[in-house]
1. With a 10 Å Cβ neighbour count serving as the proxy for reagent exposure, in which order, fewest first, do I123, I197 appear?
2. Note down the net charge around L82, summing +1 for each Lys or Arg and -1 for each Asp or Glu among other residues with Cβ under 12 Å from its Cβ.
3. In what sequence, highest mean first, do 163-175, 55-67 appear when ranked by Cβ atoms within 10 angstrom?
4. Taking 8 Å as the Cα distance limit and 6 or more residues as the minimum spacing, I'd like the relative contact order of the stretch 96-210 as a percentage.
5. For the stretch 85-129, what class follows from the C-alpha gyration tensor (a ≥ b ≥ c being the square roots of its eigenvalues): rounded when a/c is under 1.5, otherwise prolate if a/b is larger than b/c, else oblate?
6. Can you compute the label reach from N118? Point 7 Å from Cα along the Cβ direction, backbone N cut-off under 18 Å, restricted to the stretch 81-101.
7. What FRET efficiency comes out for S109 versus Q75 if R0 is 35 angstrom and r is the Cβ-Cβ distance? Round to the nearest 0.05.
8. Work out, in µm²/s and without decimals, the Stokes-Einstein translational diffusion coefficient of the stretch 53-199 at 25 °C, 0.890 mPa s, Rh from Kirkwood over C-alpha pairs.
Amino acid sequence: MSARRFIPCSRTWAHAESIRSDQAVSVRRFALAISPLLLLLALSAVAQSTDERATAMLRNAAGHDVGEVSLTQTQGGVLLKLAIKGILPGEHAFHIHAVGKCEGPSFESAGPHFNPGNAHHGIMSGVGHAGDMPNLHVPQSGALEVEVINAAITLDRNKPNSVFHPEGTSVVIHGGKDDYTSDPAGNAGNRIACGVIRQAPATVGQSPAK
Ligand SMILES: [Cu+2]
Ligand SMILES: [Zn+2]
């Protein structure tokens, strides 16, 4: 009885063993096949991580430093941290413009609002431009720190709404407030400050010079 049982058991065991060794070979082959892929993924992760932050140093029409915006890629969009000083108190439009060029005093070089979706201006008139953002409320001190998420832009160079598109982009503050409806720019008046959006240095722990 026990011998009869042993034979099929032994066959089963031998069969299982051959499956195991086949699996081991195929797992090894699979590992060899995917290792270049893993390397590529690792390299692309490194390449992407350098694009996860950007900065824009803001200058006014006279060329003076009036603050900075740091941009960080998040799952929910790009987080913009703005710290400004020496801005006239009141409401000011705050946009991403479509050209990475800030030539004072008019900053017309920054072009129109960043608009990869070919939309009309204004968050009250529709989806608005990707570069449309809420007004800044600058207090009497002329200094303000504020954070805002812009889900319509990305720091990913491979996407059409990337702030690193071929012409670059810039952050612009206007003398007046954005009415959130008037095409093409919200009737926001002069451009009073501008900063080109640039990839932040890959090294961490070093804040850019002010
Ligand atoms: Cu603007
Ligand atoms: Zn706009």
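1. Lowest to highest Cβ neighbour count: I123, I197.
2. Values: positive: K81, K85; negative: E68, E145, E147.
With Lys, Arg at +1 and Asp, Glu at -1, the net is -1.
3. Output ranking for 163-175, 55-67: 163-175, 55-67.
4. 30
5. Here the stretch 85-129 falls in the oblate category.
6. 98
7. Working: r = 33 Å, r/R0 = 0.95.
Calculated transfer efficiency: 0.60.
8. Translational diffusion coefficient: 167 µm²/s.
Bear in mind these aren't lab numbers, they're just calculated from the coordinates by the rules spelled out. Model, not experiment: these values are computed from the prediction. Counting neighbours? That spans all protein chains shown, and the Cβs are built from the backbone with ideal geometry, glycine included.
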